[in-house]
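No value in this document is a laboratory result; all are computed from the given coordinates. What you are looking at is a predicted structure, and each value in this text was computed from that prediction instead of being measured. Cβ coordinates were reconstructed from backbone atoms using ideal geometry, including for glycine residues, and neighbour counts include every protein chain displayed.
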Amino acid sequence: MINVNDFKPGITFLHNENILVVIESAHSKSGRGQAHVKVKAKNLRTQAIITITFTGDKTVYPAIIDKRPVIYSYDDGMYSVFMDNEDYNEIRIDQSRLVWEKKFLVPGNEALLRVYKNLEILGIDLPPSVTLTVVNTPPGVKGNSVSNTTKTAILETGLQLQVPMFINNGDKIIVSTDEGKYKTRA
């Protein structure tokens, strides 16, 4: 059992038959009343983000999530197909469950598959950053480098983001998977 006072980002727990992961938590106590813990959590089955308030003495059951290394292979129209690094089996995940993650996946990329009780696939965890190729961006114009000016670039996955003026078509850049922002040139 996990006491809600011990919640930290990344802890997974069961609540009302849902598997939730803590995004952030805040403790509060007013006067003589009981302490409360307000938790912002993501439902790993539906991807919905919810806010729950618990009393300070509440405990919840942990949700043990296994993570297995996989490699992204291809899309077949409805599913994203991954190869399990351990047994080389194909794993299919409905594309509607990977809306954010698809912006960073190119064949050969590694990820961690989240599995609950060795039965239910909950999705994937991406590495903190990935290397992607710029396919379309306007050329940088001389004289625009006085300050940190940026321009829009479209990457090989279709992701659009702001990049510095010196980035050109065909350049490889490192992108943060948490924020979807340019980090540095690869």
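So the values come out like this:
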item: Local electrostatic count, TYR79, Cβ distance below 11 Å [Lys/Arg +1, Asp/Glu -1]; result: -2
item: Formal net charge of residues neighbouring GLN34 (Cβ-Cβ distance under 11 Å; K, R +1; D, E -1); result: +2
item: Net charge, ILE173 excluded, C-beta distance under 13 Å - Lys, Arg +1, Asp, Glu -1; result: +3
item: Under the Karplus curve 6.51 cos²θ - 1.76 cosθ + 1.60, θ = phi - 60°, whole-Hz ³J(HN,Hα) for region 93-104, x wherever Gly or Pro sits; result: 10, 4, 4, 5, 8, 10, 4, 5, 5, 4, 5, 10
item: Contour minus Cα-Cα distance for ASP87 and ASP171 (0.36 nm per residue); result: 26.8 nm
item: Contact order normalised by residue count of the chain, Cα under 8 Å, 6+ apart, percent; result: 14
item: Proximal aspartates and glutamates relative to LYS151, as straight alpha-carbon distance under 15 Å, when same-chain residues fewer than 8 apart are discounted; result: ASP171
item: Relative contact order of region 129-185, defined on C-alpha pairs under 8 angstrom at six or more residues apart (%); result: 41
item: Debye intensity ratio in log₁₀ form over the Cα atoms of the chain, taken at each q of 0.09, 0.12, 0.18 Å⁻¹; result: -0.46, -0.73, -1.12
item: Dipole magnitude of region 129-185, debye to nearest 20 (Cβ charges: Lys/Arg +1, Asp/Glu -1, about Cα centre); result: 200
item: Cα-centre dipole for the chain with unit charges at Cβ (Lys and Arg positive, Asp and Glu negative), debye to 20; result: 900
item: For region 170-181, Karplus couplings with θ = phi - 60° (6.51, -1.76, 1.60), whole Hz, Gly/Pro x; result: x, 5, 9, 10, 9, 10, 6, 7, 6, 10, x, 10
item: Other-chain or far-sequence residues with amide H under 5 Å of LEU159's (modelled H); result: none
item: Placed amide H near THR177: partners under 5 Å, 5+ positions off or other chain; result: SER129, VAL130
item: Dipole moment magnitude, nearest 20 debye, region 1-108 about Cα centre, only Lys, Arg, Asp, Glu C-beta charged; result: 760
item: In sequence order, calculated HN-Hα J values of region 36-46 (Karplus, 6.51, -1.76, 1.60; Hz; x Gly/Pro); result: 10, 10, 9, 10, 9, 9, 10, 6, 6, 8, 9
item: Approximate spin-label separation HIS27-LYS58, in nm, with each point projected 7 Å along Cα-to-Cβ; result: 1.6
item: Of LYS42/LYS103; LYS42/LYS117; LYS8/LYS67; LYS102/LYS183; LYS58/LYS117; LYS38/LYS102, pairs whose Cα-Cα distance is over 26 Å; result: LYS38/LYS102
